[in-house]
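Take a look at the structure set out below.
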Amino acid sequence: MKNLIPAVQMFTLREFTQTPEGLETCFKRIREEMDCGAVQISCIGRDIPADFIAGICNEYDIKICITHAPPDEVFSGDLDKTIAAFIIANGAVSMGRKVTMFFTFWGLNILRRPKKVKAAKTFIEKMFGAMMPRGTKKLGLSRMNMGGAGAKMIRGIMKQKGVYSLEELIQNAIDHGVRIVACQMSMDIMGIKQEELIDEVELGGVATFLGSAEMSDMSLFI
C-alpha cells in the first residue's frame, strides 16, 4: 500500500481564507503548528491570484490536493501566471488527481510551437501571428517585464534556485497525464491553426470546459 499523506481540508477554514493575508496565515499555521505538508483547497477567496497561491505553497513547502477533476482555464499569456498555473496543475496531478487545463485567447500562445509553421492564413491572421509571442520562451511578465528583461531575470533566478523551468513544468504535466485543451473558437478568432500547436494539445470548446467544471469542486481562471 502506498504511503498516505494527511492533508488539511481548507473548506473547514473557509471563514479565514477569503483574503490573501488570511490564506497565508492559515498556510503558515498548518505548516508550523500542525506540521502538515498538504492541503485540499476549496471555498477560498475568489479574488486570490493563482500565482499568490503557488507562491505561498512554495514558501511553506505545502502541496495542493484538489478533489475530482479541476479545470484550470488559462486566459493569460503572461509568464508568471503561466508558471503558477502549471505549478498548481503539477501539484494536483502529483496527488493522484485528474487535471484539465483549458487555454483560450492569449493563453493559446503558450501552446504555440517556437518555430514558425507554414499554414494557410488570411492577411489579418498573419498579422495576428506576427504580433503575438510564439511559444513559452517569448512570454513576458504581467508586471515589471521591462521589455523582456524581467522575464529573463525570473528565469535566471528559477534556475539558480533549482526550480523547474516553465518548459519542464509543461512537459512534466503532459508526462503525468494532464489534459491540455485549446479553445477552438479562440483559435479561429486569432488565426491560430492546429498545426502551429504542440503535439499533445487537443481542441475543444466551452462545452469541454464546462463538462470538466461540473464534475469538479474547484475551477481556477488564470
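Every read-out reported here was derived from the displayed coordinates using simple, explicitly stated rules and does not represent laboratory data. Bear in mind the structure is a predicted one, so any value in this text is a computation, not a measurement. We place every Cβ from the backbone using ideal geometry, glycine too, and count neighbours over all the protein chains shown.
Taken about its Cα centre, the chain carries a charge dipole of roughly 940 debye when the Cβ of each Lys and Arg holds +1 and the Cβ of each Asp and Glu holds -1.
Taking all pairs of distinct Cα atoms, average 1/r, flip it, and tell me the Kirkwood hydrodynamic radius of the chain in Å to one decimal place.
Answer for the chain: a Kirkwood hydrodynamic radius of 18.3 Å.
A simple spin-label model places pseudo-atoms 7 Å from Cα toward Cβ; at residue 160 and residue 63 they are separated by 2.9 nm. Relative to the longest principal axis of the Cα atoms of the chain, the long axis of helix 79-94 lies at roughly 60 degrees. Phi angles of segment 162-170 translate, via the Karplus equation with coefficients 6.51, -1.76, 1.60 and θ = phi - 60°, into HN-Hα couplings of x, 8, 4, 6, 4, 4, 5, 5, 5 Hz per residue; Gly and Pro are given as x.
Summarising the amide proton neighbourhood of residue 63: residues at separation of 5 or more, or on other chains, whose placed amide H is nearer than 5 Å comprise 38, 39.
Would you mind finding the longest exposed-site-free stretch of the chain, with exposed trypsin sites (Lys or Arg not before Pro) meaning DSSP loop and at most 14 other Cβ atoms within 10 Å?
The longest such stretch corresponds to 47-114.
Spatially, segment 117-141 and segment 148-211 are offset by 15 Å when compared through their Cα centroids. By the helix-only formula, in which each DSSP H run with n ≥ 4 contributes -39500 (n - 2.57) and the sum is divided by residues, the chain has a 222 nm mean residue ellipticity of -11500 deg cm²/dmol.
Would you work out the relative contact order for the chain, in percent, from Cα pairs under 8 angstrom that are 6 or more residues apart?
Values: 368 pairs, mean separation 54.6, N = 222.
This gives 25 percent for the chain.
Helix 149-160 versus the longest principal axis of the chain: what angle, 0 to 90°, nearest 10, using Cα atoms? Roughly 50 degrees, rounded to the nearest 10.
Between residue 9 and 40, the built amide H atoms are under 5 Å apart, and every one of these is 5 or more places off in sequence or on another chain.
For segment 1-65, rounded, prolate or oblate, judged on the Cα gyration tensor with a ≥ b ≥ c (square roots of eigenvalues), a/c < 1.5 rounded, else prolate if a/b > b/c? Cα axes put segment 1-65 in the prolate bin.
Too long at a 20 Å Cα-Cα cut-off: which of 115/161; 98/193; 81/118; 28/159; 28/161; 137/159?
Pairs exceeding 20 Å: 115/161; 98/193; 81/118; 28/159; 28/161.
Going from the fewest other Cβ atoms within 10 Å to the most, the residues 12, 82, 136 appear in the order 12, 136, 82.
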